[in-house]
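What follows is calculated from the coordinates using simple rules that are stated; it is not laboratory data. Bear in mind that the values here come from a model prediction, so they are computed numbers and not experimental data. Cβ sites come from the backbone with ideal geometry, for glycine too, and all protein chains shown count toward neighbours.
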Amino acid sequence: MEDKRLKDAFSNTSDRELQFTKEDRHRVFERIRKINEEPHTQRKSLISIKKLVPVTVSLLAIGLCLFLFLPSILSGNFNEESNSSDFNKVSRTPVASDTVVEEEKISTTLITVKSKEMDNQIYLNLLLTYNKDQKMMKVVTLPAETYAPVSTNNDGTVLYEKLLFAYQFGGAENVRTTVSKIFDLPIDYYAVIDLETFSRLIDSVNGIDYDLQEDIRVRAITQVAFDFEKGTHRLNGEEVVALMMSTSEFDKLGEEHLVDLMNAVMNKVENEIPPAQLKELFTKIEANVSLDSLLENQIEINSIKSISLKDGMIADFIPLSSTTGKFFYKFEKDFLNSISQELTTFN
C-alpha cells in the first residue's frame, strides 16, 4: 500500500494529473506546511552558493555537458591557444539591473535529460553559464515540477504547466524557450539527452561508484523511487540522474552532490570510453551546435559554482477536484531575477 501511495504521489498520468486519496492529500499538505510555515509565504533570501569546485585538466569537463565539452575529451588536452578564439563572445546585461556588463564573454548552456519511455517528459534541467576570461562556470538545476510557461493557448494566453512537460509542447527548442522565459535570460546552446542514451553510456563503463553519507530515498523516473543506504554504491544511469534530480528538492541531497556526481561521471568517461564511442554518442543528442564547430573550439574551466534555488522555492498544490490536483514549485520574479544576475556576474 505504501508503494502505491508513493506511486500516486510521484507519477504523472497521461492526463497530466496527480491522483490522490484523502490520506495522500493530507500528507502532501503536511509537507507543504513544513516547507512553508504559511501558504504562499514570500521567501526572499540571499542566493546560496553551496560549493566552489576546482576543475583540473584531468577532469576535462563537468558531468552531463558532454556535448559542449566533448572536444576536450576527443582532443586529449586543453591548450591555451584555444582561449584566443571567438567562441562564446556574448555580452550580457544582467537582469534587474541597468548596468551593462562591459565586454564580459559569457555563454549560457542548457542540458536536459528526458525519457522516451515516460512520454518524453523532462526530469533533469541544468542551466550553466561560462565566463571565458575568468574560465569560471556556474550551474543551477531546475526542479521538473517548476511552474513554467510551457506553451501558448489558442486564444494567445500563456499556458502554464510543469516544466516536466515542456518537451511535449515543441521539442528541445521549446525546452530552451521555456527555461529562457523563466530566468528572462538568453540561452545560447542546448542539448537534450535521452535517459536511455545516458544509461547506455553509464552501463558501458560498468556503472558509477558514489559514496553517500546517509540513508536516502529519492524519486526515480521509470519506477517509483530508489532507496539508498549509507555507503558506496555502484550507480546505473537512472540512479545517477535520480540523485542529480534530488539536489534540487527539499530535504534531499545538497547542491554540492550535483557537481560531485558530474565529476564521478566524467572521470569514468575519460578513463574508460574511447573517442569513437563518444563521437557516436553525440549523434544521439539533440543539440543546436555541430560536432565540427565543437572540434574547433575548446574551453578551459578553473572553477565551478553551484547555485541553489531552494531559498526561493514555494511549494504549491492546485486542487482540480475533490480527489485530484497538481503539485508545483513556484518562484517569485524578484528571486528569479536575482538568480539570473548571479549566473551572469563573475567577479
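Here are the numbers for this structure:
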| quantity | calculated |
| --- | --- |
| Sorted by Cβ density within 10 Å, fewest first, the residues L278, L343 | L278, L343 |
| FRET efficiency, N302 to E214 (Cβ-Cβ, R0 35 Å, nearest 0.05) | 0.65 |
| Segments 265-275, 179-189 sorted - mean Cβ within 10 Å per residue, highest first | 179-189, 265-275 |
| Out-of-range pairs (alpha-carbon distance over 27 Å; input K284/K330; K116/K279; K230/K333; K230/K310; K116/K181; K114/K135) | K284/K330; K230/K333; K114/K135 |
